[in-house]
Protein chains: 2
Amino acid sequence: MGGLLFVLSGPSGVGKSTLRKEVMKRCPALKYSISCTTRPPRQEEKEGIDYYFVDMETFEEMRERGEFIEWAKVHGNYYGTPRRPVEEWLKEGFDVILEIDVQGAKQVKNDYPDGVFIFIAPPSLKVLEQRLRERHSDPEDDLLLRMTNAHLEMQAIRDYNYLVVNDVLEEAVDKLRSIILAERCRIR
Amino acid sequence: MGGLLFVLSGPSGVGKSTLRKEVMKRCPALKYSISCTTRPPRQEEKEGIDYYFVDMETFEEMRERGEFIEWAKVHGNYYGTPRRPVEEWLKEGFDVILEIDVQGAKQVKNDYPDGVFIFIAPPSLKVLEQRLRERHSDPEDDLLLRMTNAHLEMQAIRDYNYLVVNDVLEEAVDKLRSIILAERCRIR
């Protein structure tokens, strides 16, 4: 029997990365598939740990060769999930977690309809805006774009299996961990 | 929106009661529906806490009046779940947990197809037999009957949503709690 595919998604700035890292500490058996991106690294981000940072040309070549299970252009940058490690882990029976944007999740759903799709939502769009401002990494017009997208992306919730509101971090991590444990007990 | 109905079931002796009590300590918002039974109380059992202990005649009258959402004759004794508190709690938005045998769970599934059905299994039938012997409360021919039934009941697993193997108690409680938390995040 193959492993389970957990897809963590939601608007930019909602805290997907932090949640994913915290839940991996508590569920050590999870495999994380590192994405490729053309976006420049943020201060704390490390090559091969947070992302594979590649240039536009390399990304487009990989895409042409069908090497991504999903890819998306988000706020002017490309993001993509390499196909091979995910497929191999699942085949070997490992559970895999992806942390991707809402467009990407939609593509993954086509190839993996039995994946477990988890939408991470902010307590409100107002709180999301605050968090994006605190991150300080975006110019003002990027912020506007992110907020407009967030508003649209919230409408995709109905296509997901679970909704976790990221209000108090510890509670959200506990819920995510619970979803993973519960899905491992689910009779299919 | 109504509450969720969690149905905990599995063979006699598998540890349903202990698990249900432990999980209720960790999920205080759960309402537990106390069953009626014609079986005599075990040493540690208390009227109105573990069961309502009633005589055969009272039980049959209640059954005739349709006061049970499920009832079953198990190893010569009647067990039944009173309908009213469950319906009212669910309507008021409370989550409810039932702890019932496999026959009873099948009846509840007819009325509540959207309930969350959780099968508690022993690590093996051999371990189940040991546990029943250690309980000391059954004569030898009851034990045989329980073991035969357990064997048959294991085949009902496919009608359930979740399977929790009660091997290490703490782990089984953690899984049960996770199922409850996860179902509260599920998009329906």
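The values are calculated or read from the model by the stated rules, or taken from the named source; none is laboratory data. Every value quoted in this text rests on a predicted model; they were computed, and no experiment measured them. Cβ atoms come from the backbone with ideal geometry, glycine included; neighbour counts cover every protein chain shown.
Against the list (1) among the hydroxyl-bearing types (Ser, Thr, Tyr); (2) more than 24 Å from A:Ile69 (Cα to Cα); (3) touching a residue at least 40 places away in the same chain (Cβ under 8 Å), the condition A:Tyr162 fails is (2). Just checking, does region B:90-113 include any residue being farther than 19 Å from B:Ile34 by Cβ and within 14 Å of chain A (Cβ to nearest Cβ)? Yes, region B:90-113 has at least one match.
Residues that are surrounded by 18 or more Cβ atoms within 10 Å (Cβ to Cβ) and within 15 Å of the chain's Cα centre (by Cα) were ranked within region A:142-155; the one that is nearest to the other protein chains (Cβ to nearest Cβ) is A:Glu153.
Cβ separations smaller than 9 Å between residues 6+ apart or across chains give the following pairs from region A:171-186 residues that are more than 7 Å from every other protein chain (Cβ to nearest Cβ) and without any contact (Cβ under 8 Å) to a residue 12 or more places away in the chain to residues that are β-branched (Val, Ile, Thr) and surrounded by fewer than 21 Cβ atoms within 10 Å (Cβ to Cβ): A:Glu171/A:Val165.
This table checks each residue for (1) hydroxyl-bearing (Ser, Thr, Tyr); (2) closer than 30 Å to A:Val127 by Cβ; (3) in contact (Cβ under 8 Å) with a residue 40 or more places away in the chain.
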residue: A:Pro41; (1), (2), (3): no, yes, no
residue: A:Lys46; (1), (2), (3): no, yes, no
residue: A:Tyr51; (1), (2), (3): yes, yes, no
residue: A:Met62; (1), (2), (3): no, no, no
residue: A:Asn77; (1), (2), (3): no, yes, yes
residue: A:Arg83; (1), (2), (3): no, no, no
residue: A:Ile97; (1), (2), (3): no, yes, yes
residue: A:Asp101; (1), (2), (3): no, yes, yes
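Just so you know, in region A:160-170 the residues that are at the interface with chain B (Cβ under 9 Å from one of its Cβ atoms) and not aliphatic (A, V, I, L, M) include one that is surrounded by the most Cβ atoms within 10 Å (Cβ to Cβ), and it is A:Tyr162. Just one residue in the set B:Ile157, B:Ile120 is touching a Leu at 6+ places or on another chain (Cβ under 8 Å), closer than 16 Å to B:Ser17 by Cα and among the β-branched types (Val, Ile, Thr); that residue is B:Ile120. Looking at this structure, is B:Ala121 under 14 Å from B:Gly10 (Cα atoms), touching a strand residue (DSSP E or B) at 6+ places or on another chain (Cβ under 6 Å), within 14 Å of chain A (Cβ to nearest Cβ) and touching a residue at least 40 places away in the same chain (Cβ under 8 Å)? In short, yes. Do we find a residue being within 14 Å of the chain's Cα centre (by Cα), under 28 Å from A:Lys175 (Cβ atoms) and surrounded by 13 or more Cβ atoms within 10 Å (Cβ to Cβ) anywhere in region A:121-136? Looking for residues that are within 14 Å of the chain's Cα centre (by Cα), under 28 Å from A:Lys175 (Cβ atoms) and surrounded by 13 or more Cβ atoms within 10 Å (Cβ to Cβ), one finds at least one in region A:121-136, hence yes. Is it the case that A:Phe6 is modelled with pLDDT of 95 or more and over 13 Å from the mean Cα position of the chain (by Cα)? When the stated conditions are applied, A:Phe6 does not pass them. When you look at B:Glu57, is it part of a helix (DSSP H, G or I), at pLDDT 95 or above and under 19 Å from B:Val116 (Cβ atoms), yes or no? The answer is no for B:Glu57.
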